[in-house]
Structures are given as C-alpha cells and as structure tokens.
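Laboratory data are not the source of any read-out in this text; all were calculated from the coordinates shown. Not measured: the values here are computed from a predicted model. All Cβ positions, even for glycine, are placed from backbone atoms using ideal geometry, and neighbour counts span all protein chains on display.
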Amino acid sequence: MKTGDSYIFRAVGSFLFFVINVFAVYLLLRGHNLPGGGFIGGLGSALSLIMLSLAFGVREAQKVLRVDPTRLAAIGLLLAVVTGMLPLVVGEPFLRHFHWKLEELPLLGTLEVGTPLIFDIGIFLVVVGVTAKMIFVLFRSISGLTALNPSEWRRYAADLEEPVEREHSRSSSELETEDEP
C-alpha cells in the first residue's frame, strides 16, 4: 500500500501508537470493576495498528505485531475458554471467578488479582488478533495484492480451493517498492 509522504504524520503516528497502546492496557486492567475491559482495550490496540498501517505501511505494522494475528486470536480464545472452564474442575459453575490478595509485595504493597483479569487478557488477544487480520487483509486487497500471501494460503485455504483474485492481482514483488516509505 502506498503510504503518505508526511513526516509529521509518521512522527505523530509513532508517538500516538505508543500512547494509544498504553491507554488500551489501562482499559484492560481496570475493566472488570469499571468501564473498560478486554474488548474495548483490544479495539484501542487495533486502532493503533490501523494508524501505524496508514503511516508506515502494512508490512511495518506486521513487523511491529511480530505474531501472526490468527495465532494471537487463537491463543486468546484458548486462554478465555480455559479460564471459563477451570471452575468446572472443582465443581463450581462455568465462568465462576476467583480472587487472591497478595500482600506486602515490594514496591507494590497489596495487590488483588483474579481470574477475571486472565479472562479479559484472553478477550483482548482475540479482539486484537481478529481485527489485525481483517486490517491486514483489507490493506493487502486495497494494494492490489491477493488477500493471503503464499504461506498463509497453505495454512488457511482448503486444498481444493483456488484463489479468486489471482488473475487480477499484482504479485507481492511488484508492490514491494510501493510499501517502502
């Protein structure tokens, strides 16, 4: 995808990427008892990935994420499901949450932790993973590339499936120079 040549947008975008993600983690951590949580924190983090993709290109945003978004979503879903199912092992109802109070921690004092935070982290990862995958596929489509690159095609497509856009799309090597700032 051809990015804008605005140095101001790139400078502000990289700074805001950090600020938005700090705020997203803040929303994640306060979410069980106050407004916020894994879903809205994940949307905030995904918003920062959209902004980074617009400022620097999709490849840079994928480098920042460092993990395949689908795997990130799968790990988050597994974490949320395990957190919900764990109480069934001890005879409690599904999604029963447990809380612990850790006292006299160095530099922190008393800290209350519980399974709702683990559940919210799972939801956060699901939202970031799914939204990032949609963003990356849409930006690839806008750039004239196929929705999935060859390694993703082998991973996500069925064996008998043929790509619809192959004959009308440019190859990744043709657009490689367009992604560079």
Provide the packing ranking of 67-79, 121-133, i.e. peptides ordered by the mean count of other C-beta atoms within 10 Å per residue, highest first.
121-133, 67-79
Over the alpha-carbon set of segment 7-156, work out the extent along each principal axis and list the three values in angstrom, largest first.
53, 38, 26
Per-residue HN-Hα couplings for segment 73-84 [Karplus 6.51, -1.76, 1.60; θ = phi - 60°; Hz; x = Gly/Pro]
5, 5, 5, x, 5, 4, 5, 5, 5, 5, 4, x
Under a 5 Å amide H to amide H cut-off, with H placed in plane at 1.01 Å, what residues pair with Gly114 once short-range neighbours are removed?
Trp100
Residue by residue through segment 112-118, what is 3J(HN,Hα) from phi via Karplus (6.51 cos²θ - 1.76 cosθ + 1.60, θ = phi - 60°)? Round to whole Hz and write x for glycine and proline.
9, 10, x, 5, x, 5, 5
For segment 7-156, what is the relative contact order in percent, using Cα pairs closer than 8 Å and at least 6 residues apart in sequence?
27 percent
